[in-house]
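Data first, discussion second: the structure below is written as structure tokens.
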Amino acid sequence: MAEGGEREELLSPSPVSPAKRLCSWPSPQAHHPRGSPGAAGGGVGGVGGSCLPPGARPHLQPESLLDCAAKTVAEKWAYERVEERFERIPEPVQRRIVYWSFPRNEREICMYSSFQYRGGPGAGAAGGAAGASPAEEGPPPPPGAAAPAGSAPGAAVAGASPGLGSGAGVAGGGGGEGLPFRRGIRLLDSGSVENVLQVGFHLSGTVTEPATTSEPAVTYKVAISFDRCKITSVTCGCGNKDIFYCAHVVALSLYRIRRPDQVKLRLPISETLFQMNRDQLQKFIQYLITAHHTEVLPTAQKLADEILSSNSEINQVNGAPDPTAGASIDDENCWHLDEEQVKEQVKLFLSQGGYYGSGKQLNSMFAKVREMLRMRDSNGARMLTLITEQFMADPRLTLWRQQGTSMTDKCRQLWDELGALWVCIILNPHCKLEEKSCWLQQLQKWNDLDICPLEDGNYGHELPNITNALPQNASHSSDSLSRPRRTVFTRAIEGRELHWQDSHLQRIISSDIYTAPACQRESERLLFNSQGQPLWLDMNESRPPVYQHVPVAAGCPNSSESYLSLAMEVALMGMGQQRVMPEGLYAQDKVCRNEEQLLSRLQELQLDDELVQTLQKQCILLLEGGPFSGLGEVIHRESVPMHTFAKYLFSALLPHDPDLSYRLALRAMRLPVLENSTSSGDTSHPHHMVSVVPSRYPRWFTLGHLESQQCELASTMLTAAKGDTLRLRTILEAIQKHIHSSSLIFKLAQDAFKIATPTDSSTDGTLLNVALELGLQVMRMTLSTLNWRRREMVRWLVTCATEVGVRALVSILQSWYTLFTPTEATSIVAATAVSHTTILRLSLDYPQREELASCARTLALQCAMKDPQSCALSALTLCEKDHIAFEAAYQIAIDAAAGGMTHSQLFTIARYMELRGYPLRAFKLASLAMSHLNLAYNQDTHPAINDVLWACALSHSLGKNELAALIPLVVKSVHCATVLSDILRRCTVTAPGLAGIPGRRSSGKLMSTDKAPLRQLLDATINAYINTTHSRLTHISPRHYGEFIEFLSKARETFLLPQDGHLQFAQFIDNLKQIYKGKKKLMLLVRERFG
């Protein structure tokens, strides 16, 4: 029976959640007096809220001393410690401690009910209602008073929900609507949470899932235990099997945070029982058993038997367990985390390999660990330990080890993230020494296992040791050059040598001006930002950090070395060290990303004299560093290129030491993996990557990116060297020697051309010549290979040569065979060189125009001889103004006609000759084209039909003799009846010989089909109709009958041309009726039309 005479529904505690500690009771004489029943039956407001007048705004009032003390005690002390420390605890104080012991931050609820929480500017109210720190929260409002922002239901819904929900999680529906936290908010807002009761450190209630179209409404009982502002255990009737809290637990928790005045608060049940006398206790027990006799009766009888037995174990212990009395002093204070579910989930994701988004889910779990570390939650290390145990139990590790193969790139990414998280935990400045020691022991145990993944992810052959592969000084022993075994945990284990109490680190941190009031919590300096990065690396997301020099030696402000210059020196040493390219796409991409991230940090530095001196000294050491330097004179073939690093060094050093910057950048242009085995062909296509990298070395998956960085370095040097002839020549030689991709050289040529020809200043001739030289190299590289940008490259080169001048154009015209194909040389290069636009652009005089034209004609004839099929017409066009050259081009076309030229090519040239006023030459070419043509009976839509009709019209216009010469060729080449009938009709419409050729006269008479040469054409046309008719009737279908009758009608028109044509057609029809009498329907149609 509850206090105040109210009968409350009792929620049975879960059998898997035993009481945390035993509660004893003092004698009546020693126990402190209790409050009145009225006070005991009040709401959560209790004493803290009753002191406020009605209508007051609590968030503008200072907290009472009782609330201030109770909040601190509730967060820091176990309740058992409070009971031991103070003999008498007034009931109002107990109530405030119990009240403030529940979590106050919605963000923590979100963290344990969603896979991921993204804070920051986009988190909405994460810094308000949901993200407020405990120190920012005010006292609870009394019943009826206005709730402060962040605690009132309306304010919480409007403010906190979107902020947390929009940034939470990667699973679920769009915008996180399916996440338990968002679902819990909806359940809370819909009024689904009822019967909420807080008994001591235990919160219970019911949450009703609303009915859907397929499911009825279901009510679940929810129980939550908490201690020191952390939820220590949860139980829900929905049977949730997941790592994080279900939506029902979220709803009940948020109800307690947002609506504290609506929650009935009771002291721990042991305190209530102490107030009862024997009769009340007996009544209480009997009512409890009666209400739940089916569940608790066997347990009640067992306990009664043990209590009545004087020798039972239960009578040997002072006091009795109380599940609502909070934690004991020895209990670990941490949020509830289902360890078994963590193990099962990780094991399931690993078993799925790379399928079903398992990698995404594991990365989400890693993100959850990072979030816990940011919140200083001890479960971060606990959860990572569970994840690591399952990773080490992955059976694929043994398989990869036995087979000597490398793990997949996805697995390597996950293992790298795992190792990075352990580094964060070991370097955590807030962890205890005993915890750190325990973690290091576990890491060392994992590290010593044979199956522990190596840092480079390579279980197979060892990558070549660069220092061993190069000539060594005799003083170096083999032991000093051996590579130690490094696993994914090595960096974390090495972190034990670092500590935050280091005097140098303390001086650096104390000198930084990054601490702001917003970055303080309880007088303790926060060392990490919201992304888990040290604050001195990212002080403010809106502006870059400001670095300063801190002298290394204490009390020596004039010292030449500072921590900043040393940091820069270490960074330069690390990036300049010669190292082998690792195996696999992920590892190679990681090399590039790490280098770019470090360079982005270096670019934030404002270089002063001290840093410039450090830069110069380190660059000289790198150039003279021998085999350990990636910029030394000799490097290994598989060494990681230094292009990106050298580009930074070049740009940083150029204003201070140009000679050193150019020397270093030119040295870094090397790419040995291509230079030692590349053939003269084009390497701009992916298939070249495999051919240039031997099988005993790993494939360079990032070769395209590395080549583009090499190109960027060269482009930077070209831009800086504008106007310096000697440097430009040196850079050009380096590009021609070290860059092997035609596409990238073409890009460099275009860049140089743009820089050399600015719109607002004069042209730089030296740089323009460099662009031309690069363009010529591209032409030579791509001449014998396929490149889809080839025509663009050719056109650009002509444009560049035009900008250089007439001598450049003459040069490429004279050496065309080393640069262009015959088709490119005639159709693009020569045509553009002699165009009117080029003449105007260069303001050429007559001798210069003649020189260009002569070179173009010579080129045209050479191309026509080499490839007449493609270049004959272009050669004729280019030689039009020179009679001798034109005759030579014509003769080349005639000679090639008997060879490999097609009828379409010959017809095209023939039409050109007619257009230029050479009809007889056109007729000759057309006759040659006819001899190459063959039109079948059913090719009545062939593209050459127009050419045939044009050739017949040409011969007809020239005269009877030409027509008589062409008709036999037509009869031999054309077997299509409709085409032949069309030619026959055209030849009978007008008289031949109307072309007006000098020396010839037209008779003016129409030609008869009964005489030569049309008689031969007529007979061929009739035979073609007969053969076509029989061919069509062989496989004709009824749906084509109408079309066939129309075809016979056209045939009759041709049959009727001779005098006895009607007899021939009648005989033809009779033969059809006899031969195809089986096709009765068709023959009926024939009789109806033709008799």
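The values are calculated or read from the model by the stated rules, or taken from the named source; none is laboratory data. These numbers come from a predicted model, not from an experiment. Methodologically, a virtual Cβ is constructed for each residue, glycine included, from the backbone with ideal geometry; neighbour enumeration extends over all protein chains shown. Ligands, DNA and RNA are excluded from the accessible area calculation, which covers all protein heavy atoms including side chains. Shrake-Rupley method; radii C 1.70, N 1.55, O 1.52, S 1.80 Å.
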Difference of contour (0.36 nm per residue) and Cα-Cα distance, ILE1045 to VAL218:
289.8 nm
Separation between the ASP450 and ILE289 pseudo-spin-labels, each 7 Å from Cα along Cα→Cβ, expressed in nm?
6.4 nm
At 1.4 Å probe size, what's the solvent-accessible area of LYS264? Round to the nearest 10 Å².
90 Å²
Out of region 337-430, which chymotrypsin sites (Phe, Trp or Tyr not before Pro) are coil in DSSP terms and have no more than 16 other C-beta atoms within 10 Å?
TYR355, TYR356
Taking every pair of Cα atoms in region 945-987, average 1/r, invert it to obtain the Kirkwood radius, and report Rg/Rh to two decimals.
0.92
Could you go through region 564-578 in sequence order and give the Karplus-derived ³J(HN,Hα) for each residue, using 6.51 cos²θ - 1.76 cosθ + 1.60 with θ = phi - 60°, rounded to whole Hz, and x for Gly and Pro?
5, 5, 5, 4, 5, 5, 4, 4, 5, 5, x, 6, x, 6, 6
Going by accessible area, probe 1.4 Å, with all protein chains left in place, what is the ranking of ASP764, ASP409, largest first?
ASP409, ASP764
How charged is the neighbourhood of PRO758? Take every other residue with its Cβ under 13 Å from the Cβ of PRO758, and add Lys/Arg as +1 and Asp/Glu as -1.
-2
Largest-first semi-axes in Å of the equivalent ellipsoid built from the Cα gyration tensor of region 317-370 are 38, 12, 7
Quick check: at a probe of 1.4 Å, how many percent of the accessible area of region 853-969 sits on carbon and sulfur atoms?
54 percent
By the C-alpha gyration tensor axes a ≥ b ≥ c (rounded if a/c is under 1.5, else prolate when a/b exceeds b/c, else oblate), the shape of region 179-328 is prolate
Just to make sure I understand: if all protein chains stay in place, what is the order of HIS883, HIS248 by accessible area at 1.4 Å, largest first?
HIS883, HIS248
For region 181-255 and region 1039-1069, what is the separation of their C-alpha centers, rounded to whole Å?
93 Å
Give the accessible area for TYR586 in Å² (nearest 10); use a 1.4 Å probe, count only protein heavy atoms, and leave out ligands, DNA and RNA.
40 Å²
At HIS1062 and LEU726, where each label point lies 7 Å from the Cα along Cα→Cβ, what is the point-to-point distance in nanometres?
10.4 nm
Starting at the first residue of region 895-907, write each ³J(HN,Hα) from the Karplus equation 6.51 cos²θ - 1.76 cosθ + 1.60 with θ = phi - 60°, in whole Hz, x for Gly and Pro.
5, 7, 5, 6, x, x, 6, 8, 5, 5, 5, 5, 4
Span from the region 265-330 Cα centroid across to the region 917-950 one, whole angstrom:
113 Å
Reported to the nearest 10 Å², HIS836 has, with a 1.4 Å probe, an accessible area equal to 130 Å²
Solvent exposure, largest accessible area first (probe 1.4 Å, DNA, RNA and ligands not counted), of PHE886, PHE274
PHE274, PHE886
Show the residues, 5+ positions off or on another chain, whose built amide H is closer than 5 Å to the amide H of GLN577.
GLY630
Quick note, region 792-947: a/c under 1.5 would make it rounded; otherwise a/b > b/c is prolate and the rest oblate (a ≥ b ≥ c, C-alpha gyration tensor); here it is prolate
How high is the relative contact order of region 560-632, given as a whole-number percent (alpha carbon pairs under 8 Å, six or more residues apart)?
46 percent
With θ set to phi - 60° and the Karplus curve 6.51 cos²θ - 1.76 cosθ + 1.60, what are the ³J(HN,Hα) couplings of region 773-783 in order, to the nearest whole Hz, using x for Gly and Pro?
4, 5, x, 5, 5, 4, 4, 5, 6, 9, 5
How large is the accessible surface per residue of region 911-977, computed with a 1.4 Å probe and reported in Å² as a whole number?
44 Å²
